[in-house]
Amino acid sequence: MLQNSNKKNDNETVLDKNLKMMSMSAIILLALFIYTLYKSSASINSTSYYVGVIFLFILLFFAIFLRFYKDKIKKFLPQNKFAQELQKASQKSSATTSVQENSEDSSIEAMTSEITFKDVAGISSVKEELEEIVDFLNAPKKYVKHGVKLPKGVLLVGPPGVGKTLVARAVAGEAKVPFFYQSGASFVHIYVGMGAKRVKELFAKAKASAPAIVFIDEIDAVGKKRSGSSNDEREATLNELLTQMDGFDGESGVIVIAATNKIEVLDDALLRAGRFDRRVFLNLPNIQDREKILELYLHKKKHDLDIKELAFNTAGFSSAAIATLINEALLNMIKRGDKVLLLEDIETAKTKVEFGKKEHKLLNSKQKEVLALYQASKAYIAQKPIRLFEEGIKKSDELFPSKSVLTQQIKEYLAGSIGVEVVQGEAYAIHTEDLHSAYELASVMVDEYKMEQDVQAFIEAVKSDLKSEIYKHTADVVRLKDILLHNEVITDNEL
Ligand code: ADP
């Protein structure tokens, strides 16, 4: 809603374009007509001359009339078609169990996206990665000529509300290609065979309107690892998706973008080469991103806010949460009968956002300190850059890892909690996934590779090594923690 008020209404833009085209055509036609007349005036009889000129003048007046009354005409047009369609699609997906096979709703329709990269604030590295796809869709010849195959599938991985859908829509908008939105859940029907049928229909339609973008939101609903027994319908749907993705090549102009926040639950077959082999990770926005998002949402709004400070104080907010925050604050401003957004509106809105939705983790300074310490210890032990809000450090993908490589991996998993324990003097319950991963890997080392005797004893040994290492280098860890608290990111040269 906010975004819409920031930019021109979609219909208005389309209307403006059409009016301009109409006026230009009328002027060009008129000029051509007069020129032809001038050149061959003898051979045109006077009736056709007058009819022609009158027709062109009517066209011109009609265009001018429409231009002046565009606001009234606009009211007769449906508002923001894309948003409406998207809303319809997501409503459909949330009602996963209601099968509407023969109603109009079940048909898959393309949408036109008016969103471009300009509407996506921050996350410049994500945009850069996707620009290649836009370029491919705009000028495929350039790539095909050199025999370059672009990925068929791009997987956007990140927590909710970080702009995965928005960025996919922006790719379609930049490339000016149709956008097919489907939520993974909408494929999972109660009737066997319906999901697969829907996947087939989706791909058939996308291929027919290629170049096109197919966007599958929450792909994990359909793409979870296959177990062979539990949910035949879901597995049949997943198999159909795999078949469809194998059934076209990069040159067909259909690019499938999928979004998930749980890449680890996805079936390996989906991640194999030739399917979703390109992955783009989106994290919670860092302080610079938040500043840009705030600037976008506060654009042309009267306010008395220090955007930099607000960016600092919204650590842990997703981009969507920031959008909601500003919206709520504006509502509060209206309630106060004011025209200038004040910090008190933000504060009131913050409590609403915080209590209204659990997923917006709003950290107080103590929690932020502990998290920074956790991440700083990991960065120190791994000697890799890290962000304050980032789930994990990238795993080593060596094919035949040595025992020391695996042990180092376990150390990296445990570094956070041990770092906090050493510096704070007691253990904190934070990021249990890292602990699980450490135990899981240790079990693989013990049970499968027989590198160690006992999981618990091995973990204890690694912990004790870590404790003495971090104890010796506490000053370094604390320095990194301070950088993280300030910049929310530790870069290579700060390590
Ligand atoms: P996801 O698909 O990751 O859950 P969405 O793309 O649906 O997140 O984002 C929800 C809303 O949050 C968007 O419609 C938009 O209003 C806002 N938003 C998210 N990311 C950004 C961004 N980078 N810039 C501006 N607005 C954003």
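All of the numbers you see were taken from the coordinates with simple rules; none came from a lab. Note that the coordinates shown come from a computational prediction; the quantities given were computed from them, not determined experimentally. No Cβ is skipped: glycine too gets one built from the backbone with ideal geometry, and neighbour counts run over all protein chains shown.
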Report summary line: Hydrodynamic calc, region 365-494: Kirkwood Rh from Cα pairs, then Stokes-Einstein at 25 °C with viscosity 0.890 mPa s, so D in µm² s⁻¹ is 165
Query - Relative contact order for region 365-494, counting Cα pairs under 8 Å that sit 6 or more residues apart, in percent - result: 38
**Report entry** Range of Cα positions in region 175-314 per principal axis (Å), largest first
**Finding:** 57, 35, 29
Query raised in the report: Remind me, relative contact order of region 117-281 in percent, using alpha carbon pairs under 8 angstrom and six or more residues apart?
Result: 35
Query raised in the report: Ranked by Cβ crowding within 10 angstrom, fewest neighbours first, how are H473, H436 ordered?
Result: H436, H473
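Looking at this model, which pairs from K262/K366; K308/K378; K292/K350; K164/K300; K384/K467; K384/K411 are more than 24 angstrom apart at the alpha-carbon?
Over 24 Å apart, Cα to Cα: K262/K366; K308/K378; K164/K300.
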Query - Summed residue charge, Cβ within 10 Å of I133's Cβ, Lys/Arg positive, Asp/Glu negative - result: -4
Query - Residues E412, E469, E347, E174 arranged by fewest to most Cβ contacts within 10 Å - result: E347, E469, E174, E412
